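Down below is the structure, laid out as structure tokens.
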Amino acid sequence: MFQRIILRQVQAVRPHLSVRSASAPLALRRTSQFQPQSLRPLARLPVVRSYSTENKAEEGKQEEKNGESESQNPEDSVRKELEKKEKEVVDLKDKYVRSVADFLNLQERTKRDMDNARNFAIQRFAVDLLESIDNFDRALLAVPEDKLNSTEAEHKDIKDLVSGLKMTQNILMNTLKKHGLERFDPSELAEDGKAQKFDPNLHEATFMAKAEGKENGDIMYTQSKGFRLNGRVLRAAKVGVVKND
């Protein structure tokens, strides 16, 4: 009995389902026709690409260079690089040697300048003293020999004055000698007992004359003595030179 009831209900519902399934596609078609154009997919446009001829030429040159570099022998490239480095080493060594030589020359020149500055610092002061030293000699030569050799009491004051002048002169000359200033007398005999020869580096000839018993070039008279400062001639001695010819 229940089976009959269920069959009747199924037979009653089946026509309604067929009608709905047949009408559904038609409705979908109608809705698709009324869709706006903005929602429809757009057709794809063809893409046009532009290429530059310059870029193609550059690419061709670059490919040629790459091909040439690849075709080169790797030993040649290494040899060229080695030669380049060797030239750089030679240049750097030359610059180094020159720099060391310049530095050593600068050191020697600076040391020499410092020594000269120290040795000849009193040169101008010594030149100013030369005239005063010459005045001592003039004062001593102004006293007659007979008064110095006299035993009379009236000449005792003159003898004391002369001895005081000589003592002052010796003290002054010893003090100057400590600082490198020395006096030389060309009229003094040489070590071999002969007269000194004229030396243009040390002497200044004021006159020339004949002298018996002496050779040409011998110094026979000293007008003023010379002075040296640490080996450098500060003032040449003025002398008379023998000339027998």
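Listed by chain and number, the lysines whose C-alpha is less than 19 Å from the C-alpha of LYS156, apart from same-chain residues fewer than 8 away, are LYS147, LYS166.
Residues within the reach of a label modelled at LEU148 (point 7 angstrom out along Cα to beta-carbon, backbone nitrogen below 18 Å), restricted to segment 103-140, are 133-140. Decide, for segment 177-224, between rounded, prolate and oblate: order the square roots of the alpha carbon gyration tensor eigenvalues as a ≥ b ≥ c, take rounded if a/c falls under 1.5, and otherwise choose prolate if a/b is larger than b/c, else oblate. Prolate, because a/c is 1.5 or more and a/b exceeds b/c. Shape class for segment 65-219, computed from the alpha carbon gyration tensor (a ≥ b ≥ c): prolate, with a/c not under 1.5 and a/b above b/c.
Sorting 166-176, 228-238, 145-155 by average packing, meaning the other beta carbons within 10 Å per residue, from highest down gives 228-238, 166-176, 145-155. The Kirkwood hydrodynamic radius of segment 114-187, based on inverse pair distances between different Cα atoms, is 14.4 Å. Pairs exceeding a 21 Å alpha-carbon distance, out of LYS194/LYS238; LYS159/LYS238; LYS214/LYS243: LYS159/LYS238. Candidate cross-link partners of LYS87 among the lysines, defined by an alpha-carbon separation under 19 Å and a same-chain spacing of 8 or more, comprise LYS95. Distance between the modelled labels on ASP199 and GLU108, one decimal in nanometres: 2.6 nm (7 Å Cα→Cβ projection). Can you classify segment 149-193 as rounded, prolate or oblate using the Cα gyration tensor, where a ≥ b ≥ c are the square roots of its eigenvalues, rounded means a/c under 1.5, and otherwise it's prolate if a/b beats b/c and oblate if not? Oblate is the answer for segment 149-193, as a/c is 1.5 or above yet b/c matches or exceeds a/b. Near ASN116: Cβ cut-off under 13 Å, other residues only, Lys/Arg at +1 and Asp/Glu at -1. The net charge is +2.
Each value in this text was obtained by applying a stated rule to the coordinates, not by laboratory testing. The structure presented is a predicted model; accordingly, all values stated were derived computationally and were not measured. In this analysis, Cβ positions are derived from the backbone assuming ideal geometry, glycine residues included, and neighbour counts consider all displayed protein chains.
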